[in-house]
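Take a look at the structure below.
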């Protein structure tokens, strides 16, 4: 079977398992997702002046796509954080302090997505890293046009991290191998 033809089946299975995981969430996970999403939205919104405030300023006005990216990223990050909260009955199963490779990968992916979203919705000339690397005119010429791409990448990475974590809540993350299956049938 060609590898490309497996993608739709794998995506469909991932979406089905993720929906199943969400249906199994209890009030604790839903509350964690809501509080985390709200906290991230407030912090990111205030710091990037998507929420007008007197603490921070913005030299370049917001663009219309900033708001949906900000809100979607906040919601996805809230969901991602909630996947790390075990239901009360599952605490004993998660007593080891070390996470597996998949958990660390998903945490890193989520962290990178959050940082990219922050840079994407922020003022291009208020970003000290962009100013140091490119200067004021470079930030406007090079960084500002790249922000929509950073936003798209942030959203894609957020979705990947959330789906991976949700899938892992209801399915074994280790795939079965063909040689092991063949040996078992002999």
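Computed from the coordinates by the stated procedures, all read-outs in this text should not be read as laboratory data. The model shown is predicted, which means the values in this text are computed figures rather than measured ones. Glycine also receives a Cβ, built like all others from the backbone with ideal geometry; neighbour counts cover every protein chain displayed.
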ask   = Label residue 111 and residue 5 with points 7 Å out from Cα along Cα→Cβ: what is the distance between them in nm?
value = 4.1
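How much length, in nm to one decimal, is gained on full extension between residue 156 and residue 31, taken as 0.36 nm per residue of separation minus their Cα-Cα distance?
Contour length minus Cα-Cα distance gives 42.6 nm.
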remark   = Per residue, the convex hull enclosing the alpha carbons of the stretch 1-89 has a volume in Å³ of 144
note = Highest mean packing first, using Cβ neighbours within 10 angstrom, the peptides 108-114, 163-169, 34-40 sort as 163-169, 108-114, 34-40
